[in-house]
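Q: Dropping a structure here in structure tokens format, bear with me for questions.
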Amino acid sequence: MTLAIMQPYFLPYIGYLQLMNTVDKFVFYDDVAFINRGWVNRNRMLLGGKEHLFTVPLQGASQNKTIREIALSSDPKWRGKLLKTVEQGYRKASHYEVVMPMLERIVNFEADNIADYIFHSFTELTTYLDITTALIPSSTIYENGHLKAQERILDICGQEGATHYINPIGGQELYDRERFAQAGVQLSFIKSKRVEYTQQAPEFVPWLSILDIVMVNDVNDVRAMFGLFELV
């Protein structure tokens, strides 16, 4: 069984979806410390042909709290503003009429915290993109918060019966192949290849939110992009 574990990110870049689509089970690491100015609650889209940072506003965000302890902003206006920004950026996109209703369900979803909010967004995305991977919030099952770093990952692998753990390429310095092998788990790293497609921009802007990709590509083309990576 192949497993991946990642912090929950809102509408992330395609490499995140490539990893999710590749494994049998994907764990949302939602009971670890929130990182300020990270990618949990924000990403990039195109607006007027230029890169634009969009954000889900939070209240009480702190690196002293876990991701699932952080609530969404109580101001309801941000949801409408975010949807309006997307409309301005993509209303002429070829798949706007199909994607926008899904995005409205994602943005307008009521949740107690950012982790549950993002989890719901992936129930929508995986249905749309025909990703059948099992999704699991780490806070609901493992009870291993006393463990740290690599040992906690290995404990989750053990509880799930995973024989192969895949991590983004940026984690090469964090994990030791020999230690994983001792635990009976193969360790691989996924390296995304540059994914290019026709954008609504004068020059191609790489690694934008999956939102940009689904607005201008049909599902079959997006799924073809899922294979543009290598394992090392």
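Q: For residues that are among the hydrophobic types (A, V, I, L, M, F, W, C) and open to solvent by less than 10 Å² (accessible area, probe 1.4 Å), tally how many sit in the stretch 163-184. Full working, then the answer.
A: Our first condition is that a residue be among the hydrophobic types (A, V, I, L, M, F, W, C); within the stretch 163-184, this holds for 166, 169, 174, 180-181, 183.
Going one step further and asking which of them are open to solvent by less than 10 Å² (accessible area, probe 1.4 Å), we end up with 166, 180.
Residues in the stretch 163-184 being among the hydrophobic types (A, V, I, L, M, F, W, C) and open to solvent by less than 10 Å² (accessible area, probe 1.4 Å): 2 in total.
Q: Only one of (1) modelled with pLDDT of 95 or more; (2) surrounded by 13 or more Cβ atoms within 10 Å (Cβ to Cβ); (3) not in a helix (DSSP H, G or I) is not met by Leu147, so which one is it?
A: All conditions pass for Leu147, except number (1).
Q: Working carefully through the options Val32, Val23, find the one that is closer than 19 Å to Tyr117 by Cβ and among the β-branched types (Val, Ile, Thr).
A: The unique qualifying residue is Val32.
Q: Applying the selection to the stretch 74-94, what residues are within 30 Å of Val27 (Cβ to Cβ) and either open to solvent by 30 Å² or more (accessible area, probe 1.4 Å) or of a type in the set (A, V, I, L, M) (or both)?
A: Ser74, Leu82, Leu83, Val86
Q: May I pose another question? Could you run through the stretch 3-41 and say how many residues are over 21 Å from Ala149 (Cβ atoms) and open to solvent by less than 40 Å² (accessible area, probe 1.4 Å)?
A: Within the stretch 3-41, residues that are over 21 Å from Ala149 (Cβ atoms) and open to solvent by less than 40 Å² (accessible area, probe 1.4 Å) number 9.
Q: Here is a follow-up. Please verify whether the stretch 122-137 includes one or more residues that are more than 24 Å from Phe229 (Cα to Cα) and open to solvent by less than 20 Å² (accessible area, probe 1.4 Å).
A: No.
Q: Look through Gly227, Gly171 and report the one residue that is more than 24 Å from Gln88 (Cα to Cα) and at pLDDT below 95.
A: Step by step, each of Gly227, Gly171 is checked, and only Gly171 is more than 24 Å from Gln88 (Cα to Cα) and at pLDDT below 95.
Q: Shifting gears a bit: Taking interchain pairs and intrachain pairs at least six residues apart, which have beta carbon atoms under 8 angstrom, with the first residue in the stretch 43-60 and more than 12 Å from Tyr90 (Cα to Cα) and of a type in the set (Asp, Glu) and the second at pLDDT below 95 and open to solvent by 40 Å² or more (accessible area, probe 1.4 Å)?
A: Listed pairs, sorted by first residue: none to list.
Q: Looking at Val195, Val222 in this structure, which one is in contact (Cβ under 8 Å) with a residue 60 or more places away in the chain and not in a loop (DSSP other than H, G, I, E, B)?
A: On the way: Val195 fails: not in a loop (DSSP other than H, G, I, E, B).
When all the criteria are applied, what remains is Val222.
For (1) of a type in the set (A, V, I, L, M); (2) touching a Lys or Arg at 6+ places or on another chain (Cβ under 7 Å); (3) within 20 Å of Val40 (Cα to Cα), each residue gets a yes or a no:
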site: His120; (1), (2), (3): no, no, yes
site: Leu135; (1), (2), (3): yes, no, yes
site: Thr163; (1), (2), (3): no, no, no
site: Ile169; (1), (2), (3): yes, yes, yes
site: Glu173; (1), (2), (3): no, no, no
site: Ala183; (1), (2), (3): yes, no, no
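Q: Go through the stretch 128-165 residue by residue and tally those that are within 17 Å of Tyr9 (Cα to Cα) and touching a strand residue (DSSP E or B) at 6+ places or on another chain (Cβ under 6 Å).
A: 6
Q: Let me ask another. Is it fair to say Glu110 is open to solvent by 40 Å² or more (accessible area, probe 1.4 Å), assigned to a loop (DSSP other than H, G, I, E, B) and not hydroxyl-bearing (Ser, Thr, Tyr)?
A: Details: open to solvent by 40 Å² or more (accessible area, probe 1.4 Å): yes; assigned to a loop (DSSP other than H, G, I, E, B): yes; not hydroxyl-bearing (Ser, Thr, Tyr): yes.
Spelling it out, Glu110 is indeed open to solvent by 40 Å² or more (accessible area, probe 1.4 Å), assigned to a loop (DSSP other than H, G, I, E, B) and not hydroxyl-bearing (Ser, Thr, Tyr).
Q: When only residues in the stretch 42-72 that are of a type in the set (D, E, K, R) and open to solvent by less than 60 Å² (accessible area, probe 1.4 Å) count, which is farthest from Ala134 (Cα to Cα)?
A: Residue satisfying both the conditions and the ranking: Arg44.
This table checks each residue for (1) within 25 Å of Ile118 (Cβ to Cβ); (2) in a loop (DSSP other than H, G, I, E, B); (3) not aliphatic (A, V, I, L, M).
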position: Glu143; (1), (2), (3): yes, yes, yes
position: Glu151; (1), (2), (3): no, no, yes
position: Gly158; (1), (2), (3): no, no, yes
position: Arg179; (1), (2), (3): no, no, yes
position: Ile190; (1), (2), (3): yes, no, no
position: Gln199; (1), (2), (3): yes, yes, yes
position: Pro202; (1), (2), (3): no, yes, yes
position: Trp207; (1), (2), (3): yes, yes, yes
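Q: Can you confirm whether the stretch 146-156 contains a residue that is free of Cβ contacts under 8 Å to residues at least 24 places away in the same chain, more than 30 Å from Arg105 (Cα to Cα) and of a type in the set (S, T, N, Q)?
A: No, every residue in the stretch 146-156 fails to be free of Cβ contacts under 8 Å to residues at least 24 places away in the same chain, more than 30 Å from Arg105 (Cα to Cα) and of a type in the set (S, T, N, Q).
The values are calculated or read from the model by the stated rules, or taken from the named source; none is laboratory data. On a predicted model such as this, the values are computed, not experimentally measured, just so you know. Cβ coordinates were reconstructed from backbone atoms using ideal geometry, including for glycine residues, and neighbour counts include every protein chain displayed. Keep in mind that these areas ignore ligands, DNA and RNA; they rest on the heavy atoms of the full protein, side chains included. Shrake-Rupley method; radii C 1.70, N 1.55, O 1.52, S 1.80 Å.
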